[in-house]
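Before any comments, here is the structure.
The values are calculated or read from the model by the stated rules, or taken from the named source; none is laboratory data. Note that the structure is a prediction, hence the values are computed from the model and not measured. All Cβ positions, glycine included, derive from the backbone under ideal geometry; neighbour counts span all protein chains shown.
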Amino acid sequence: MNLIHYYRQQFLELISQFEPNWEEDHTYRFGFRWNSYAKSSFKEIFQMTQFPSEPLYLVYAVELPDKYKKTNISEVVKNVSSSYELSLYLFSDKIQLTSCVSIESLQQTTLGYVNQARGEIIDLVFSSIQM
């Protein structure tokens, strides 16, 4: 079993116990991806991506509605300190906030990473609303 399959199996076991609302996206071609809508009104995405001669990366993302473009969320993301690589993507109808970590820097389980990344992103969203 290679590394990406090991972490996929770990994630599957953990979500079956703690967050069964995740649905695997079998059309994703660069590793594995899951989507979730159950715990929030926003779409959550978790993916494991690995390219040849690259380490395995875990990515957690939240899609926010277009109305968040009227906040200062880009300034909040730009100035925040995180142990993960944070990115903000603007689309015509939404904003996507992502948190990425190399498996080489991972210090918890896959679901532990998802929960920590989720907490950081939620804090960013609320910070931008309050300002």
- line: With the first residue restricted to segment 5-27 and required to be over 18 Å from Pro55 (Cβ atoms) and in contact (Cβ under 8 Å) with a residue 24 or more places away in the chain, and the second required to be of a type in the set (D, E, K, R) and surrounded by fewer than 18 Cβ atoms within 10 Å (Cβ to Cβ), Cβ contacts under 8 Å at 6 or more apart or on different chains are Glu19/Lys39
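Residues are listed down the side, and each one gets a yes or a no for (1) of a type in the set (Gly, Ala, Ser); (2) under 16 Å from Arg118 (Cβ atoms):
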residue: His5; (1), (2): no, no
residue: Phe11; (1), (2): no, yes
residue: Arg29; (1), (2): no, no
residue: Ile45; (1), (2): no, yes
residue: Gln50; (1), (2): no, no
residue: Ser82; (1), (2): yes, yes
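Could you say which residue among Glu54, Glu63, Glu44 is assigned to a loop (DSSP other than H, G, I, E, B), within 25 Å of His26 (Cβ to Cβ) and among the charged types (D, E, K, R)?
Values: Glu63 fails: assigned to a loop (DSSP other than H, G, I, E, B); Glu44 fails: assigned to a loop (DSSP other than H, G, I, E, B).
Checking each option against the conditions leaves just Glu54.
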query: When segment 42-65 is examined, which residues are found to be in contact (Cβ under 8 Å) with a residue 40 or more places away in the chain and surrounded by fewer than 17 Cβ atoms within 10 Å (Cβ to Cβ)?
result: Pro55
query: In segment 101-114, is there at least one residue being in contact with a Ser or Thr (Cβ under 9 Å, 6 or more places away or on another chain), in a strand (DSSP E or B) and of a type outside the set (Asp, Glu)?
result: yes
query: Which of the residues that make up segment 87-99 are surrounded by fewer than 18 Cβ atoms within 10 Å (Cβ to Cβ), not in a loop (DSSP other than H, G, I, E, B) and not aromatic (Phe, Trp, Tyr)?
result: Ser87, Leu88, Leu90, Lys94, Gln96
Hey, Thr98 under 26 Å from Ser16 (Cα atoms) and in contact (Cβ under 8 Å) with a residue 24 or more places away in the chain or not: yes
query: In segment 1-39, how many are surrounded by fewer than 12 Cβ atoms within 10 Å (Cβ to Cβ) and at pLDDT below 90?
result: 4
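From the residues in segment 66-83 that are hydroxyl-bearing (Ser, Thr, Tyr) and in a loop (DSSP other than H, G, I, E, B), which one is surrounded by the most Cβ atoms within 10 Å (Cβ to Cβ)?
Per the criteria, the residue is Thr71.
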query: Counting only residues that are touching a Ser or Thr at 6+ places or on another chain (Cβ under 9 Å) and part of a loop (DSSP other than H, G, I, E, B), which one in segment 1-41 is nearest to Gln108 (Cα to Cα)?
result: Glu19
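For Ala117, state whether it is part of a strand (DSSP E or B), buried (at least 19 other Cβ atoms within 10 Å of the Cβ) and small (Gly, Ala, Ser). Show your work before the answer.
Numbers: part of a strand (DSSP E or B): no; buried (at least 19 other Cβ atoms within 10 Å of the Cβ): yes; small (Gly, Ala, Ser): yes.
When the stated conditions are applied, Ala117 does not pass them.
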